Every structure is written in C-alpha cells, then in structure tokens.
Protein chains: 2
Amino acid sequence: MSEHPVLQLIRCADEAIIAEDFDTLMELYAEDAMLVVRPGVVARGRGEIRRACERIAKHFDHSLVVRQAGMALLEAGDTALVLANTVISSAETPETVRHATYVFRREPSGRWLCIVDNSYGHAIIEA
Amino acid sequence: MSEHPVLQLIRCADEAIIAEDFDTLMELYAEDAMLVVRPGVVARGRGEIRRACERIAKHFDHSLVVRQAGMALLEAGDTALVLANTVISSAETPETVRHATYVFRREPSGRWLCIVDNSYGHAIIEA
C-alpha cells in the first residue's frame, strides 16, 4: 500500500528543512497557514513562516536534522490530522522527541497543503 | 475576553456526554466527521459516532465524567486545532488524563463543527 500523500509531504518537508530549501518547503504550506515557532510565538502566512524557518535554521547553526519516528493520520472530508513523534537534533543538540500535531487541508485542486504546523503538540498548553 | 466559540463547543460536548444528551452532542459534529473510538477503531459520520457514544456510555456504566484540565487553540483559515488535557473518570475508573486532539471546521454558515475527534492523541501511533 502506498503511503498517504500527506505523509509523503511531511517527509518532503523534513528533507527540505535539512537542505534549507525554503522554496520547496513553502510550497507545502497553504497561503493562510500558521506555524508555532515556539510556545506562545506564532508565524502566519508564507512570508512570516519562511522568515521563521530561516531564523530556526540559523538558531541551530545550519545543522538541524528532522525525522519522524512514527506517524498516524486521521482523514475526514478535506481535513487530515497527523500525530507524529518528530525527532529533532543538530550539531549542538542531542536528539529530542516532540509529540507534533499537523493539520493538512485538501484544496479544490485536490492538492493537500499544511494549514496548522505545531511541532510542540500539547507543550503549548499553558500551565 | 470571551472564550473562543470552539472551546465553548468542547465544554458543551462535555456536558452533553455527562448528561448522555446525544441529540445535542451530535449537533456539534460535521456530517462527515470521524471519532477515534479507541486506538485502531474509528467511527465515521453522525450515525456511527452516535452509536459509538452510546456504547461508550454503557461501557462506563452510565457514570462517565469528562472535563478539560487545559486547552490550547490554533486557528488558521476555517480550521481550528485544539490540544487538550482531557480528564475522564467514572464510578469504576479513577481520573485519567488523555492528551486529546480535536479539529474543528468553520462551515460556510460561520458555525464551527468537529471534523476529527481523537481523545487518544499520540497514543494511536503504532509502535
């Protein structure tokens, strides 16, 4: 069974992040998407998301590595929710697992795009 | 600041579950919604979701209590992702916290409806 297109997009995004290929990365986001940059800080729209990704790459000294250690996908109508065990690391950062949550929307063209990107999962809930 | 309508709907759903008021509960789901009944088992559409909720109520001997111990909402376009620390208990079951994930969609009428209901969060990821 071939992998769901949304899971393929997430693997494509991981490769683009590692390669710092932000043109390819931005093609995976909806125009009105949001990204949780860190708990309490959000980027909205492709322009802000691109600048945030560039700052994140710099923050990790251009050595950020992202991979998925397990994903589950729940699709209903034109919406897909992905639960992922996302592993990040860098030259200076040991591997850390985040319980990430991603929402994708199927456009009228049939193409899926990321609408909500929250790699922090439940860690964004205020105490 | 008044609470986001989606968070109000979740509180309304909790009250309806406790009261076993399934008519009110079903009004909160989109026609094409999906519910994770338990890891690996999904109900699709209001008919199946209603029957699953009735079975769940019986399973907990009609004493199920649900409350939210913290929620965060991420809204982009007509999509809202909710991360919640959902506490469930019953006469025979001590309080258990689930890291729940809910996706709501805003209909053309402006009304928000639940499209993906996954109270198990990342627990559905296969080992």
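Please treat every number below as a calculation from the coordinates, not as lab data. This is a predicted model, so every value here is computed, not measured. Note: ideal-geometry Cβ built from the backbone for every residue, glycine included; neighbour counts use all protein chains shown.
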Quiz item: Quick one: helix B:45-59 against the long Cα principal axis of chain B, what's the angle to the nearest 10°, folded into 0 to 90?
Solution: 30 degrees
Practice problem: Note the full-extension length gain between A:His59 and A:Thr24 as 0.36 nm times their separation in residues minus their Cα-Cα distance, in nm to one decimal. | Solution: 10.6 nm
Quiz prompt | For B:Gly45, inter-copy label distances in nm, listed shortest first [label point 7 Å out on the Cα-Cβ vector] | solution = 4.1
Quiz item: Each residue of the range B:98-111 in order: what ³J(HN,Hα) in whole Hz does its phi give by Karplus 6.51 cos²θ - 1.76 cosθ + 1.60, θ = phi - 60°, with x for Gly and Pro?
Solution: 10, 8, 7, 10, 10, 10, 10, 10, 8, 6, x, 6, x, 7
Practice problem: Take the alpha carbon atoms of the range B:62-127, find their radius of gyration, then divide it by 2.2 N^0.38 Å using N residues; give the quotient. | Solution: 1.28
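Would you work out the relative contact order for the range A:5-124, in percent, from Cα pairs under 8 angstrom that are 6 or more residues apart?
Once divided by the residue count of the range A:5-124, the mean separation gives 24 percent.
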Quiz item: How much length is gained if the chain between A:Val97 and A:Glu126 is pulled fully straight, taking 0.36 nm per residue apart and subtracting their Cα-Cα distance, in nm to one decimal?
Solution: 8.5 nm
Self-check item: Inter-probe distance in nm under a simple model that places probes 7 Å from Cα toward Cβ, at B:Glu48 and A:Gln8
Solution: 2.5 nm
Quiz item: Mind checking the alpha-carbon convex hull of the range A:5-72 and giving the volume per residue in Å³?
Solution: 102 Å³
Quiz prompt | Cα-centred dipole magnitude for the range B:57-110, charges only on beta-carbon of K, R (+1) and D, E (-1), debye, nearest 20 | solution = 40 debye
Practice problem: Could you tell me which GluC sites (Glu not before Pro) in the range B:60-127 are loop residues by DSSP with no more than 16 other beta carbons within 10 angstrom of their beta carbon? | Solution: B:Glu92, B:Glu126
Quiz item: Placing +1 at every Lys and Arg Cβ and -1 at every Asp and Glu Cβ, with all other atoms neutral, what dipole size does the range A:1-91 have around its Cα centre, in debye to the nearest 20?
Solution: 400 debye
Quiz item: How many percent of Cα pairs in the range B:27-66 exceed 12 Å?
Solution: 59 percent
Quiz item: Hey, if you put +1 on the Cβ of every Lys and Arg and -1 on every Asp and Glu Cβ in the range B:5-122, which of B:Pro5, B:Cys114, B:Ala43 ends up farthest toward the positive end of that dipole?
Solution: B:Ala43
Quiz item: If you wrap a convex hull around the Cα atoms of the protein assembly as shown, how much volume per residue is inside, in Å³?
Solution: 147 Å³
Self-check item: Copy-to-copy label separations for A:His59, where each label sits 7 Å from Cα toward Cβ, in nm and ascending
Solution: 3.9
Quiz item: Debye sum, Cα scatterers, chain B, no solvent: what log₁₀ I/I(0) at q = 0.16, 0.21, 0.22 1/Å?
Solution: -0.78, -1.41, -1.55
